[in-house]
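The structure under discussion appears below in the form of structure tokens.
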Amino acid sequence: MCSIIGYKGQLIVAPLLVDSLKRMEYRGYDSVGIATINNGKILVKKGVGKVLDVNRRLDLSNMGGHAGIGHTRWATHGSITEKNAHPHYCCTDSMAIVHNGIIENHRVLMKELIDLGHVFKSDTDSEVIAHLLERYYAEQKNIKSSMIKTCKRLKGDYAFVAALEDGTICGSRCNEPLMIGSVDTGFFISSDILGFIRYTDKAIFLENRDIVVIDSKTLQIYDPDGNPVNRSLTQVAWELAAIDKGKYSHYTLKEIHEQPFIVEKVGVQNLDKIEEFCNILRNSKTVFLTGSGTSYHCALIAKHILSNFAKIHAETMISSEFQYTLSGIDNTSVLLAFSQSGETADVLQAVNAAKRMGAKVLSIVNVPTSSLARISDSFLTIECGPEIGVAATKSFTAQLSLTYMIVDELCNGYLGFKINRQILVDALQEALAAENEIHGIAEKLRDARDIYVLGRSIHYPIALEGALKIKELSYIHAEGIAAGELKHGPLALIDVNSYVIIVNPNDTTSDNNIASAHEIKARGATIIGISNKPDEVYDIFIKIPFIKCNIIYPIIEVLPLQILAYYLSLVKNVDPDYPRNLAKSVTVR
Ligand code: F6R
């Protein structure tokens, strides 16, 4: 969603804010803006586009002042225009705010404020925060009490930071992330560690409804009623600071290539915690598995291997639907939630609902300090480093690998993940070597209108994942279909213009898939086979390496689909790192 950054201290603030926003841009990239406080005046510069472009046009880095706030936006209310870009001023320009989330009661508040004479300049829900603060500040000229009164009026999920012309920076959060970075020169306040990790590894994670005020050199945190509270300083991993593209043209490609190294090490440092997970899973009556998007696809594979191999009763529920199907969840249940960011609002809502029903919550996350990790009874990290490309790639194979590792443990090595890990890593390297060939295939598919991706059994979630990658990276309509469902409807769509990818390693599902491929071919479609075994039915063949332990194939077969989606984005002239309308961390419902 949106990213928020603020700084107050001894350094010139504008270049720091611009640098931080570049690092957090994956959260939202419709528009950018910063406000600095210079000689008692708040200056705002903002514009539509990505940080580099707006900085080039408006010279954001070149603003004076030692305190300021910045924002990159993922539009929720109001179109993508300069006037809707943050920061937003109040009427007197004496304060400016940046916000992430949705203020659900903004219409009511706006009406009340307009009746009091406030004039709104944008179409956003966020601007209401600036005017509310202004209203309450006018009463007593006390920022702490104005913040308390303002936050009490806001309904919805939010994190916001305000800058006042006297140099004060303050903020609060409710179900959206906000954290403090403590440096020798002052304080950062940010929606993501990446906003300040280049400068400090000392972070304070604010609790829901905390209010923070940074004036002159002090930082104070209060509870919603204004009582001072202590929040401990946490040391976060410095490795997060290393987020450049290296030799790759895009983060997405770099992250695709990192996968063998990630799969090689995932979970190995966490054997005790894996054992703890296994005990909780063993003792549950039913394991519910949830996630959104790509993480949900991992949950589908987890269900398959948990129930088929560990013989644990498992159910999957997509997080956004979870709240509508709570029956059957009680204190004998476990909810296992998958989330790269650990901040996805739908996932957090599912987890909170399951907790209310008495279930134990386990999670598999990439960010150990995330909200999901913190509300789980136990969590495991996939440790794949920051994933900057908006489309999930390496986090998916890391989630899958950790899931295989857990289930392998539960069934005493029957899955063969542990003993075949090195073979898997080599196979992933080999699969990556097909990159140039897949680039060529992407050229052929440049004008495809629809791409269908078929798979059966454990390969069906990979078909869903492949289709998701293709649509979000290339904007080509793509659909993942359970191969057996073809003749129950989707076959009507197939004609000479269709492209059908069949995820078909040589296992017990393979012959049925070949039969489906013939049915499709008879209707004139072009068939692309992803398999370790060629077949004359494939018009285009993407070879994946042979491995004996074929239950592990999902971790391999997703790579060619990721690479294809990446090159389709290039041939369609789409920026693969920042697909339109999307954001990395979906913190609104
Ligand atoms: C797809 C993608 C999204 C995320 C989804 C959940 O490439 O990235 O579908 O998988 O928004 O995000 P997390 O895993 O952070 O909960």
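The values are calculated or read from the model by the stated rules, or taken from the named source; none is laboratory data. None of the values given here were measured: they were computed from a predicted structure. Here the Cβ is made from the backbone with ideal geometry for all residues, glycine too, and neighbour counts use every protein chain on show.
So, in segment 126-144, exactly how many residues are outside any helix (DSSP H, G or I) and within 16 Å of V161 (Cβ to Cβ)?
Matching residues across segment 126-144 total 1.
May I ask you to verify whether T403 is within 15 Å of the ligand (Cβ to nearest atom) and closer than 25 Å to Y26 by Cα?
no
So F277 clears everything in (1) among the aromatic types (F, W, Y); (2) closer than 30 Å to L564 by Cβ; (3) away from the ligand (no atom under 16 Å from the Cβ) except one condition, right? Which one?
The number of the failed condition is (2).
Does D115 satisfy being touching a Lys or Arg at 6+ places or on another chain (Cβ under 8 Å) and in the same structural domain as D215 (by TED's automatic domain parsing)?
Details: touching a Lys or Arg at 6+ places or on another chain (Cβ under 8 Å): no; in the same structural domain as D215 (by TED's automatic domain parsing): yes.
It is false that D115 is touching a Lys or Arg at 6+ places or on another chain (Cβ under 8 Å) and in the same structural domain as D215 (by TED's automatic domain parsing).
Please find, among E387, E383, the residue that is among the charged types (D, E, K, R) and crowded, with 24+ Cβ neighbours inside 10 Å.
Numbers: E383 fails: crowded, with 24+ Cβ neighbours inside 10 Å.
The unique qualifying residue is E387.
Inside segment 478-507, can you point out the residues that are of a type outside the set (G, A, S) and within 16 Å of the ligand (Cβ to nearest atom)? Please lay out each step first, then the result.
Going residue by residue through segment 478-507, those that are of a type outside the set (G, A, S) are 479, 481, 485-488, 490-491, 493-497, 499-507.
Within segment 478-507, E479 is the sole residue that qualifies.
Hey, among A398, A431, which residue is within 29 Å of A515 (Cα to Cα) and surrounded by 24 or more Cβ atoms within 10 Å (Cβ to Cβ)? Talk me through it step by step, then tell me what you get.
Values: A398 fails: within 29 Å of A515 (Cα to Cα).
Every option except A431 fails the conditions.
Regarding V588, is this residue farther than 22 Å from L464 by Cβ and in contact with a His (Cβ under 8 Å, 6 or more places away or on another chain)?
Taking the combined requirement at face value, the residue does not satisfy it.
Could you figure out which of (1) touching a Ser or Thr at 6+ places or on another chain (Cβ under 7 Å); (2) surrounded by fewer than 19 Cβ atoms within 10 Å (Cβ to Cβ); (3) not small (G, A, S) isn't true of E536?
Tallying (1) touching a Ser or Thr at 6+ places or on another chain (Cβ under 7 Å); (2) surrounded by fewer than 19 Cβ atoms within 10 Å (Cβ to Cβ); (3) not small (G, A, S), E536 fails exactly one: (1).
Among the residues of segment 154-164, which ones are outside any strand (DSSP E or B) and surrounded by 17 or more Cβ atoms within 10 Å (Cβ to Cβ)?
Hit for segment 154-164 is L154, nothing else.
Residue-wise test of (1) touching a Phe, Trp or Tyr at 6+ places or on another chain (Cβ under 7 Å); (2) away from the ligand (no atom under 16 Å from the Cβ); (3) farther than 22 Å from H459 by Cα.
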{"site": "K265", "(1), (2), (3)": "no, yes, yes"}
{"site": "L271", "(1), (2), (3)": "no, yes, yes"}
{"site": "C298", "(1), (2), (3)": "yes, no, no"}
{"site": "K303", "(1), (2), (3)": "no, yes, no"}
{"site": "L326", "(1), (2), (3)": "no, yes, yes"}
{"site": "L335", "(1), (2), (3)": "yes, no, yes"}
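What do you reckon, is E409 among the acidic types (D, E), within 18 Å of the chain's Cα centre (by Cα) and either part of a helix (DSSP H, G or I) or within 16 Å of the ligand (Cβ to nearest atom) (or both)?
For E409, the condition - among the acidic types (D, E), within 18 Å of the chain's Cα centre (by Cα) and either part of a helix (DSSP H, G or I) or within 16 Å of the ligand (Cβ to nearest atom) (or both) - is not met.
Are any of the residues in segment 202-209 in the same structural domain as V44 (by TED's automatic domain parsing), in a loop (DSSP other than H, G, I, E, B) and closer than 25 Å to Q10 by Cα?
yes
Among S371, S307, S320, which is touching a residue at least 24 places away in the same chain (Cβ under 8 Å) and under 30 Å from I552 (Cβ atoms)?
Only one candidate passes the filter, namely S320.
Is it the case that I494 is buried (at least 17 other Cβ atoms within 10 Å of the Cβ), more than 28 Å from the chain's Cα centre (by Cα) and under 29 Å from P576 (Cβ atoms)?
Considered against the rule, which asks whether it is buried (at least 17 other Cβ atoms within 10 Å of the Cβ), more than 28 Å from the chain's Cα centre (by Cα) and under 29 Å from P576 (Cβ atoms), I494 comes out as yes.
Please note which helices (runs of 4 or more DSSP H) are completely contained in segment 225-300 and include at least 1 residues that are surrounded by fewer than 17 Cβ atoms within 10 Å (Cβ to Cβ), in contact (Cβ under 8 Å) with a residue 24 or more places away in the chain and not aromatic (F, W, Y).
Details: elements: 251-257, 259-265, 271-282.
Filter on segment 225-300 gives 259-265, 271-282.
Has segment 60-70 got at least one residue that is within 21 Å of D123 (Cα to Cα) and in contact (Cβ under 8 Å) with a residue 24 or more places away in the chain?
yes
Identify, please: which residue in segment 546-589 is assigned to a helix (DSSP H, G or I), within 16 Å of the ligand (Cβ to nearest atom) and of a type in the set (A, V, I, L, M, F, W, C) and is, among those, nearest to E430 (Cα to Cα)?
For segment 546-589, the residue satisfying everything is L559.
If I438 meets every condition in (1) touching a residue at least 60 places away in the same chain (Cβ under 8 Å); (2) surrounded by fewer than 20 Cβ atoms within 10 Å (Cβ to Cβ); (3) in the same structural domain as K521 (by TED's automatic domain parsing) apart from one, which number is that one?
For I438, the failing item is (2).
Filter segment 337-353 down to residues that are aliphatic (A, V, I, L, M) and modelled with pLDDT of 95 or more and give me whichever is farthest from the ligand (Cβ to nearest atom).
A353
Picking from T369, T316, which residue would you name as being modelled with pLDDT under 95, buried (at least 16 other Cβ atoms within 10 Å of the Cβ) and away from the ligand (no atom under 11 Å from the Cβ)?
Sole residue among the options that is modelled with pLDDT under 95, buried (at least 16 other Cβ atoms within 10 Å of the Cβ) and away from the ligand (no atom under 11 Å from the Cβ): T369.
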